[in-house]
1. Out of (1) open to solvent by 50 Å² or more (accessible area, probe 1.4 Å); (2) over 46 Å from the mean Cα position of the chain (by Cα), what's the single condition that is false for Thr517?
2. Does the stretch 473-518 hold any residues that are part of a loop (DSSP other than H, G, I, E, B), in contact (Cβ under 8 Å) with a residue 24 or more places away in the chain and under 19 Å from Cys535 (Cβ atoms), and which are they?
3. Does Ala364 fit the bill of being open to solvent by less than 20 Å² (accessible area, probe 1.4 Å), touching a residue at least 60 places away in the same chain (Cβ under 8 Å) and either closer than 25 Å to Ile232 by Cβ or assigned to a helix (DSSP H, G or I) (or both)?
4. Cβ-Cβ under 8 Å, sequence separation 6+ or interchain: first residue in the stretch 64-88 and at positive phi, partner open to solvent by 30 Å² or more (accessible area, probe 1.4 Å) and not in a loop (DSSP other than H, G, I, E, B). Which pairs?
5. Name the residues in the stretch 1-38 that are open to solvent by 100 Å² or more (accessible area, probe 1.4 Å), in a helix (DSSP H, G or I) and over 24 Å from Thr134 (Cα atoms), would you?
6. I'm trying to understand the selection: among the residues of the stretch 520-552, which are among the polar types (S, T, N, Q) and either surrounded by fewer than 19 Cβ atoms within 10 Å (Cβ to Cβ) or in a loop (DSSP other than H, G, I, E, B) (or both)?
7. When you check Phe332 against the structure, is it closer than 15 Å to Val292 by Cβ and touching a residue at least 60 places away in the same chain (Cβ under 8 Å), yes or no?
Amino acid sequence: QDLQHSYPHCWRHKTPVIFRATPQWFISMQQNGLRNSVNAQISKVNWIPDWGKKRIELMVENRPDWCISRQRCWGVPITLFVHKQTGELHPETPDLFAKIADKIEQNGIEAWFEADTSDFLGDKANDYDKTTDTLDVWLDSGVSHFAVLAQRQELSAVADLYLEGSDQHRGWFQSSLISAVAMNGKAPYKQVLTHGFTVDKDGKKMSKSLKNTMSPQKVVNNLGADILRLWISSTDYTGEMTVSDEFFKRSADSYRRIRNTMRFMLANMFDFEPEKHLLEADKMLVLDQWIVGKANIFQQQIANKNGFYDKYEFHNVVKNIMIFCTNDLGGFYLDIIKDRQYTCQKNSIARRSAQTALYHISQAMVRWIAPILSFTAEEIWQFMPHQPEKSIFLEGEFYAGLDEFSKYTKPNSGENIANFQAVNLFNQIKDINKSIRKRIEELRNEKIIGSSLEANIDFYCQGDWQNLLESLGSELRFVFVVSEANLHNFKNKPADSIPINDTLSFKISKSENQKCTRCWHHRENIGNKTHPELCPRCIENVDGKGEKREFA
């Protein structure tokens with residue numbers, strides 16, 4: 001009769017395991033209270049994510065004594081001499097360690113294996129056996145706190161952070177902790193960050209044996225190092241991390257959004273010199289105060305104490321940067337300021353105010369992205385309008401210039417609440433702008449209008465919304481990037497108006513007015529004898545003192 005049974009195989013080589021009964025060397029977890037001391041140190045370490053603490057506590061609590069010897073012909077030797085009769089170590093073992101170390105330092109690791117017992121013990125060589133075992137490799141890596149950190153004056157003996165995969169709770173994290181507590185009585189690290197494993201698009205763990213891995217070098221060659229860095233930073237590393245071409249494509253799209261946003265801001269500061277043109281916060285237009293105030297809010301979430309960087313939540317850093325670039329800058333603010341940048345007088349308050357906002361935002365953003373998009377941040381830094389003489393990575397801190405704008409988003413007690421209310425109106429404007437942008441895009445797809453400047457918008461409102469939109473006066477059209485914006489009583493709204501809420505609706509129509517060749521707005525009263533193709537506003541900007549802006 002045939003019998004089927006299982007037999008242990010090597011997980012890596014897929015070959016049967018051969019068992020040998022041999023003497024081994026151990027580190028006792030019980031003697032001198034080592035296990036209790038290790039457990040006490042675990043509570044003093046910040047484990048990221050916090051489940052890492054319970055995981056390593058259970059492993060230390062249940063682990064047997066640490067077998068540190070291996071029967072291999074390679075590795076770091078266990079340099080001991082054992083008495084053939086008694087099994088005791090040579091009484092001069094500490095001195096022998098020093099002699100052996102000197103010999104290895106001079107001739108390499110093979111000096112131990114090639115040496116004869118008599119080379120160290122002389123006429124007592126026949127009484128002792130030279131140990132041929134090598135050390136467990138986890139002990140090699142586990143004492144890096146001593147071999148690397150403690151040997152260099154410029155480094156701290158206790159590391160700020162150990163970072164590795166979740167399997168290292170039974171490996172490097174634990175071997176480092178046990179050896180450091182045994183040697184120094186304290187943990188070798190202040191924080192431990194654990195990440196998950198990479199898996200393929202089908203959720204299978206990547207491994208060389210399954211041949212489902214992706215080469216990081218190939219990704220770097222095809223897309224660039226910053227795309228790879230952005231992908232890993234945007235992934236929640238506390239769980240499994242899916243790797244595929246589709247995910248890298250998304251990262252490339254996100255990268256282009258960030259890069260193009262920074263390029264636009266830099267391009268619109270081409271003639272901006274901070275020492276000459278930077279405006280004080282209170283002299284800036286309300287929209288500019290609002291957007292820098294928003295940047296300050298994002299910086300507090302990203303970079304301040306207990307922010308996402310401080311907590312190593314890199315995926316939330318990327319998420320917030322993308323929200324700011326897409327929703328607040330690209331989807332709203334940058335569209336509005338194009339008119340001011342391109343049509344207002346060169347040194348007008350309106351134009352320099354926008355450039356001041358761009359300067360503050362770019363100074364902050366280049367620092368936000370530097371730990372992730374390192375090469376891109378360094379490239380941006382060389383084009384900043386301040387003639388930098390050093391690297392972005394020598395700045396040391398995040399940008400402090402946003403602090404004074406916090407009063408425009410959250411006023412402190414005793415500050416001018418009117419400033420806050422004026423700036424806060426753009427939070428509400430931004431909310432309704434989505435519906436208006438959507439309708440304009442529909443009209444463009446239907447070929448009814450080309451650009452949004454071919455459109456007029458009629459608002460039908462009452463109550464708070466009427467007061468809010470009226471407060472913008474003639475600048476209402478600039479906020480929504482249309483040629484004309486008018487307000488009407490809510491009771492008079494036509495049947496085909498588009499509702500936004502219970503007290504506000506709107507209707508968009510194509511302008512019948514002539515187009516100004518300078519600002520592209522469609523306006524009445526185009527031209528005079530000197531400038532037959534310009535609107536009155538552009539004529540004032542060209543020949544007069546320039547238009548005045550308060551809000552946008």
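The values are calculated or read from the model by the stated rules, or taken from the named source; none is laboratory data. Being a predicted model, the structure only gives us computed values, none of them experimental. As a convention, Cβ positions derive from the backbone with ideal geometry for all residues, glycine included, and neighbour counts pool all protein chains shown. Only protein heavy atoms, including side chains, enter the accessible area calculation; ligands, DNA and RNA are left aside. Shrake-Rupley method; radii C 1.70, N 1.55, O 1.52, S 1.80 Å.
1. Failed condition: (2).
2. Phe480, Val481, Val482, Ser483, Ser511, Asn513, Arg518, listed by residue number.
3. Working: open to solvent by less than 20 Å² (accessible area, probe 1.4 Å): yes; touching a residue at least 60 places away in the same chain (Cβ under 8 Å): yes; either closer than 25 Å to Ile232 by Cβ or assigned to a helix (DSSP H, G or I) (or both): yes.
Here the answer is yes, as Ala364 does meet what is asked.
4. The qualifying pairs are Gly75/Leu135; Gly75/Val137; Gly75/Asp140.
5. Passing the criteria: Asn32, Asn36.
6. Quick first cut of the stretch 520-552, residues among the polar types (S, T, N, Q) only: 525, 528, 530, 541.
Those that are among the polar types (S, T, N, Q) and either surrounded by fewer than 19 Cβ atoms within 10 Å (Cβ to Cβ) or in a loop (DSSP other than H, G, I, E, B) (or both): Asn525, Asn528, Thr530.
7. Working: closer than 15 Å to Val292 by Cβ: yes; touching a residue at least 60 places away in the same chain (Cβ under 8 Å): yes.
Here the answer is yes, as Phe332 does meet what is asked.
Table: residues versus (1) closer than 22 Å to Asn320 by Cβ; (2) outside any helix (DSSP H, G or I); (3) over 29 Å from the mean Cα position of the chain (by Cα).
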| residue | (1), (2), (3) |
| --- | --- |
| Glu246 | no, no, no |
| Ser251 | yes, no, no |
| Arg256 | yes, no, no |
| Thr261 | yes, no, no |
| Phe264 | yes, no, no |
| Met269 | no, yes, no |
| Asp282 | no, no, yes |
